[in-house]
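One structure below.
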Amino acid sequence: MQTPLDEQLEKVATLNELKQLCEHYLGSEVSKGEKFVFGEGSPQAEVMIIGEAPGVQEAKTGRPFVGNAGKLLNTLLNQIGLEREQIYISNILKTHPSGNRKPYRGEIKKELPFLLRQIELLRPKLLVLLGATALQALYDPKAKITELRGNWIEVKNLPTFVTYHPAAALRDETKKKTLEHDFSKLQERLASAV
Ligand code: URA
């Protein structure tokens, strides 16, 4: 059954309209002094990267991946010849989970429809999922990141590459090499015309 939100989501025709709708619905969920983080990048992006949820820095600035994990993400992108401006970056949640915890299932259920519409409006050629939260929210709640990372799956009819979240590599240095290896696989795919 369609909810009033589903109907409104269907009606929005541009990313800007979606951002306004998102602010209307989620603005009140954002803690004082924080911003909601819609996502950013080129509206012509062929690659859409999806992380977990905004952290403290992101909620402060209203921009995704601007903290330490974001710095590592920028390096990984640059290593494969991509600039942030060429791609689009978003998250499963648009609001910062208090205390930097993992998103609750209820929060994901509430906020995911905005991301799903964002994917439809952006129409990227491929998705990249960073970490278990993105994988489980968009593919299968039981999927294991350790089993699927480095592999291609299908999400919303799009080829979708799975890898670790850069924050995991900040906690465990060995994962950085794996991330670099995964990003080089992504580069190969992009070189073969997506
Ligand atoms: N981690 C995420 O998953 N997303 C951000 O935007 C920042 C950190």
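The values are calculated or read from the model by the stated rules, or taken from the named source; none is laboratory data. These numbers were taken from a predicted model, which means no experiment stands behind them. In this analysis, Cβ positions are derived from the backbone assuming ideal geometry, glycine residues included, and neighbour counts consider all displayed protein chains.
As a summary of the residue check, C22 satisfies the conditions (1) assigned to a helix (DSSP H, G or I); (2) in contact (Cβ under 8 Å) with a residue 40 or more places away in the chain; (3) over 22 Å from K11 (Cα atoms) except for the one numbered (3).
The set of residues in the range 125-136 that are among the small types (G, A, S) and either surrounded by 24 or more Cβ atoms within 10 Å (Cβ to Cβ) or part of a loop (DSSP other than H, G, I, E, B) (or both) comprises G131, A134. Please determine whether any residue of the range 106-120 is within 13 Å of the ligand (Cβ to nearest atom), assigned to a loop (DSSP other than H, G, I, E, B), touching a Gly at 6+ places or on another chain (Cβ under 9 Å) and under 28 Å from T14 (Cα atoms). No, the range 106-120 contains no residue that is within 13 Å of the ligand (Cβ to nearest atom), assigned to a loop (DSSP other than H, G, I, E, B), touching a Gly at 6+ places or on another chain (Cβ under 9 Å) and under 28 Å from T14 (Cα atoms). Flag: G33 does not match the condition of being in contact with a helix residue (DSSP H, G or I) (Cβ under 9 Å, 6 or more places away or on another chain) and at pLDDT 95 or above. Taken together, V155, V128, V162 contain a single residue that is β-branched (V, I, T), closer than 24 Å to L26 by Cβ and without any contact (Cβ under 8 Å) to a residue 60 or more places away in the chain, which is V155. When the range 133-151 is filtered for residues that are in contact (Cβ under 8 Å) with a residue 12 or more places away in the chain and either under 17 Å from R105 (Cα atoms) or not basic (K, R) (or both), the ones remaining, listed by number, are T133, A134, L135, A137, L138, Y139, K144, I145, L148, G150.
Within the range 61-77, no residue that is under 14 Å from I87 (Cα atoms) and free of Cβ contacts under 8 Å to residues at least 60 places away in the same chain sits with its Cβ atom under 6 Å from a residue that is more than 10 Å from the ligand (Cβ to nearest atom) and part of a helix (DSSP H, G or I) at 6+ positions apart or across chains. Taking the range 7-37 as the region of interest, how many residues are out of contact with any His (no Cβ under 7 Å at 6 or more places or on another chain), surrounded by 12 or more Cβ atoms within 10 Å (Cβ to Cβ) and of a type in the set (D, E, K, R)? Total meeting the criteria: 5.
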